[in-house]
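Nothing in this text is a laboratory measurement; each read-out follows from the coordinates by a stated rule. Note that this is a predicted model, so its numbers are computed, not measured. Neighbour counts run over all protein chains shown; Cβ positions are idealised from the backbone, glycine included.
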Amino acid sequence: MNHSLHRWNGGFPRVDSVEYLMSGSALRWHGMSMTSRGNGWIGWPIIAGCILAALLSMGVLHVTGMGLLDPARSVISDYVLVSEGYALLAVAAVALATAALVVAAGLRRAGLPRPDLPVALLVSGAAALVVAAVFPTNLPGTPAGLVANVHRAGGGLAFGALPLAGWLVAKRAFAAAAWAPFAPLLRRCAGVTGLISATYLLIHVPIVIAGSPGFPYLGGAERVLCAAVMVVLLTTGRAARTAIEGARVTSAPHSGTTSAGSPVLADAGLGQPA
């Protein structure tokens, strides 16, 4: 009998055929489900999407405010005076807050050692961003009232808490095998961001004491700090994703193998000798 006809007798391939072995999407390959390779942590795309939304909102603000404000001297909150400025600032702040909350949720799942304090700082930073979004700053050239001061307090807390959370994550990453590959990068990003944050907050001391900035380029400094915080959130989220997926692969049950060592044959029912 023709071999090809025999293989397809009855309309189905034999169990030892290549077609059979490759037809099941749930068959394991090297001890894990083939479909699981594409099922990454859903938090990572949420973080990346939130950062992108914040960047797009800020981009629209800057385009709309061209000729009205100097980006080097005016802080981002001053763009509340442009058309739809309040809404766009709120979108940017809430998007960053959401990214921070998702990162916080991922730390425990990713097995970061002693995650409580970094999680608390990330949640606090996210809440502070929401406060800054709800309470807008005063318009340029007008006195700062209670609402504007609440806005500034929220911004100060966010710019202090988020870099510190990144630094604590970096320190703890060295103690966990799943996080260790990212630990040096996390430490560099968090260290640079922390230095920028400390400098930016110190710049505000003359404003609090004397009511005027001693450094005229507050806007430029704030934009650098915002970019650094975004990098910390992205890097931490990416490290959490790698740690979560690494733990999933490690804990996946390994199927039996044939004498040729193929888990696919074992899953197909061909791993045991006749």
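With contacts taken as Cα pairs under 8 Å at a separation of at least 6 residues, the stretch 41-246 carries a relative contact order of 27 percent. Per the Debye calculation on the stretch 41-246 with a single equal scatterer at every Cα and no solvent contribution, log₁₀ I(q)/I(0) for q = 0.11, 0.12 Å⁻¹ amounts to -0.50, -0.59. In the stretch 67-153, the alpha-carbon atoms span a convex hull of 104 Å³ per residue. Put simply, when 170-180, 127-137 are sorted by average Cβ atoms within 10 angstrom per residue, most first, you get 127-137, 170-180. Can you tell me the FRET efficiency between I203 and D116 if r is taken as the Cβ-Cβ distance and R0 is 22 Å, rounded to the nearest 0.05? After rounding to 0.05, the efficiency reads 0.10.
Quote to one decimal, in nm, the extra length available between V192 and K171 on full extension: 0.36 nm per residue of separation minus the C-alpha distance between them. It would help to have the intermediate numbers written out before the result.
Numbers: separation 21, 0.36 × 21 = 7.56 nm, distance 1.42 nm.
Separation in residues times 0.36 nm, less the Cα-Cα distance, equals 6.1 nm.
Once you order the gyration tensor axes a ≥ b ≥ c over the Cα atoms, which shape class does the stretch 159-201 get: rounded for a/c under 1.5, otherwise prolate or oblate by comparing a/b with b/c? Walk me through the numbers on the way to the answer.
Working: a/c = 4.16, a/b = 2.39, b/c = 1.74.
Judged from the Cα gyration tensor, the stretch 159-201 comes out prolate (a/c at least 1.5, a/b above b/c).
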